[in-house]
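As structure tokens, the structure follows; a few thoughts come after it.
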Amino acid sequence: MRDISAKAPQLKSKKMVLPRAFSSYNSWLEGGWFGLKSRNFSATPLQFSCSFADVFSRVTLILPGILSLCVIAIGVSLDIPAQAESTDPDRDLPLTDLTYIGSHNSYKKPIEGKLLRWITRFDPKTGESLDYEHPSIPRQLDLGLRLFELDLFFDPAGGRYQSPLGARWPFSDQGLTSQERLSLKAPGFKVFHVQDIDFRSHCLSLRTCLQHYLSFSNKNPGHVPIVISFNLKTQVIDLPGFTDPLPFDHSAFLALEAEILSILPRHAIFTPKALQGPHPSLAEAVETDGWPSLASLRDHFILVLDESEDKLIPYSELKRQGQAGIFFKTPDLGHADAAVLIFNDPVARADDIQKALSLGYLVRTRADANTLEARQNDTQRRDAAFKSGAQLISTDYYLPNPVMSEDYRVQFGDGQYLRHPKDL
């Protein structure tokens, strides 16, 4: 295995992993759970069970030291200690030459057993889709992950989600801790999966999540860029007692940028403006100059809004007015703001992925979805994701779930989550 930290043997390096999870949850179900419908602020109702289509199955997490099966490719440690760019062996390597494996819904704790059994009794597919978990964000960072996904709920006054249905009778014996209730009561963006049902999170407040990333960054100078994608939760579940999320309007986007900048230093965020430079559009900058070098992006954060252009109209307006601009969007190929593209199905969208890569874009795809691949130990989609060349590969199984399959996992060799082109 090639380890570029060998260029500075007197300094200790740390492993790095950049997950690529940019999955979007804009569709919510109709006729799934309880046969009732949901509605969306910006879309027509879809199947309610599908709102969990991109959700992990329950993951029983084990130590990386036993992850020795199913070697897919040669991995590499790319975090290096802080040093002058002139001594960085990858000073000329563009970010788009790396391949990341990353987590999805990175914050998620398991749903409580009694509540999960109750849901599964009414809708087995929904129950299966909710049955997954992750270790804490600090633990994922220690494993080497560098790409994450957070689901956001707008809660400017605080307390909107402090009493979820799933923490009340008959589930009150499995309710929230006092600290969790305090987190939910405080003003600010909340981080969890589904209101009232799947509300357990390693960091219920966005500030807490960001503090984990900042702490790691400060303690590990020279790390590769940490990529964080955000899904903006606005789906309304049209069932009695469920809390209606607030829409993401202009005030929500202004508050979101302000909250992020209250934790992450502005200079540590690589912005679309920095990528665009003198070019008239992001797309032209990417297709002309490409993404910057790994060396120039060390110690930075790349923030991505994984949502449709319709949902991001208020943000786009704020950006044009110069009032916002720390996020990359994920529009279609051909859009002026394109820089990060999402093609979730590496089999059906193989040609689209190849076209986007040939033009210099950063592309995200998925190695698995809906827990199906893990349950069946089916590697076809995973192998297609690796073969596609997409730089960001999202998976629910960067660690295997022994309950489903001891064998299915998405890793490079030696349990690594970042692949370097010189190792191929």
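The values are calculated or read from the model by the stated rules, or taken from the named source; none is laboratory data. As the structure is a computational prediction, the values presented were derived from the model and not from experiment. Heads up, the Cβs are rebuilt from the backbone with ideal geometry, glycines too, and the neighbour counts pull from every protein chain shown. Please note that ligands, DNA and RNA were not included when accessible areas were found on the heavy atoms of the full protein model with its side chains. Shrake-Rupley method; radii C 1.70, N 1.55, O 1.52, S 1.80 Å.
Tell me which residues, restricted to region 114-134, are open to solvent by less than 60 Å² (accessible area, probe 1.4 Å), of a type outside the set (S, T, N, Q) and at pLDDT below 90. Steps first, answer last, please.
Pass one, region 114-134, residues open to solvent by less than 60 Å² (accessible area, probe 1.4 Å): 115-116, 119-120, 123, 126-127, 129-134.
Pick out the ones that are also of a type outside the set (S, T, N, Q) and you get 115-116, 119, 123, 127, 130-134.
Correct list: 127, 130, 131, 132, 133, 134.
Failed condition for residue 180, given (1) within 23 Å of residue 261 (Cα to Cα); (2) of a type in the set (Asp, Glu); (3) in a helix (DSSP H, G or I), with all others met?
Unmet condition: (1).
Of all residues in region 181-194, count the ones that are free of Cβ contacts under 8 Å to residues at least 60 places away in the same chain and either over 21 Å from residue 135 (Cα atoms) or open to solvent by 10 Å² or more (accessible area, probe 1.4 Å) (or both). Let's see the steps before the verdict.
Narrowing region 181-194 to residues free of Cβ contacts under 8 Å to residues at least 60 places away in the same chain: 181-187, 190.
The next check asks that each one be either over 21 Å from residue 135 (Cα atoms) or open to solvent by 10 Å² or more (accessible area, probe 1.4 Å) (or both); those that pass are 181-183, 185-187.
Selection size over region 181-194: 6.
Can you tell me which residues in region 199-246 are touching a helix residue (DSSP H, G or I) at 6+ places or on another chain (Cβ under 9 Å), part of a helix (DSSP H, G or I) and open to solvent by 10 Å² or more (accessible area, probe 1.4 Å)?
207, 208, 212, 214, 215, 216, 217 - these are the residues of region 199-246 that are touching a helix residue (DSSP H, G or I) at 6+ places or on another chain (Cβ under 9 Å), part of a helix (DSSP H, G or I) and open to solvent by 10 Å² or more (accessible area, probe 1.4 Å).
Criterion first (open to solvent by less than 10 Å² (accessible area, probe 1.4 Å) and farther than 25 Å from residue 340 by Cβ) does residue 151 satisfy it? It would help to see each step written out before you state the result.
Working: open to solvent by less than 10 Å² (accessible area, probe 1.4 Å): yes; farther than 25 Å from residue 340 by Cβ: no.
Spelling it out, it is not the case that residue 151 is open to solvent by less than 10 Å² (accessible area, probe 1.4 Å) and farther than 25 Å from residue 340 by Cβ.
Can you name the residue in region 115-156 that is part of a helix (DSSP H, G or I) and among the aromatic types (Phe, Trp, Tyr) and, of all such residues, is farthest from residue 210 (Cα to Cα)? Let's see the steps before the verdict.
Pass one, region 115-156, residues part of a helix (DSSP H, G or I): 115-122, 124-130, 137-143.
With the extra rule that they be among the aromatic types (Phe, Trp, Tyr), the set shrinks to 118, 122.
Working: 118: 33, 122: 36 Å.
Residue satisfying both the conditions and the ranking: 122.
Which condition from (1) touching a residue at least 40 places away in the same chain (Cβ under 8 Å); (2) more than 19 Å from the chain's Cα centre (by Cα) is the one that residue 274 breaks?
Condition (1) is where residue 274 drops out.
Looking at region 98-115, is at least one residue small (Gly, Ala, Ser) and free of Cβ contacts under 8 Å to residues at least 40 places away in the same chain? Quick ask: steps written out before the conclusion?
Going residue by residue through region 98-115, those that are small (Gly, Ala, Ser) are 102-103, 106, 113.
This time we only want the ones that are free of Cβ contacts under 8 Å to residues at least 40 places away in the same chain, so: none.
Checked against the condition, which is being small (Gly, Ala, Ser) and free of Cβ contacts under 8 Å to residues at least 40 places away in the same chain, region 98-115 yields no hits at all.
Cβ-Cβ below 7 Å, separation at least six or inter-chain, first residue in region 251-267 and touching a residue at least 40 places away in the same chain (Cβ under 8 Å), second open to solvent by 30 Å² or more (accessible area, probe 1.4 Å) and assigned to a helix (DSSP H, G or I): which pairs?
Sorted first by the residue in region 251-267, then by its partner, the pairs are 259/207; 263/207; 263/211; 263/214; 264/214.
Among residues belonging to region 247-292 that are among the charged types (D, E, K, R) and assigned to a helix (DSSP H, G or I), point out the one that is farthest from residue 359 (Cα to Cα). Quick ask: steps written out before the conclusion?
Step one: list which residues in region 247-292 are among the charged types (D, E, K, R), which gives 249, 257, 259, 266, 273, 284, 287, 289.
Then keep just the ones that are assigned to a helix (DSSP H, G or I); that gives 257, 259, 266, 273, 284, 287, 289.
Details: 257: 30, 259: 34, 266: 29, 273: 19, 284: 10, 287: 5, 289: 10 Å.
Among those residues, the one meeting the criterion is 259.
Could you check how many residues of region 209-224 are under 16 Å from residue 267 (Cβ atoms) and among the charged types (D, E, K, R)?
Residues that pass the stated criteria total 0.
Being charged (D, E, K, R), more than 29 Å from residue 290 (Cα to Cα) and touching a Leu at 6+ places or on another chain (Cβ under 8 Å) is true for just one of 378, 396. Which residue is that? Show your work before the answer.
On the way: 396 fails: touching a Leu at 6+ places or on another chain (Cβ under 8 Å).
One residue alone meets the criteria, 378.
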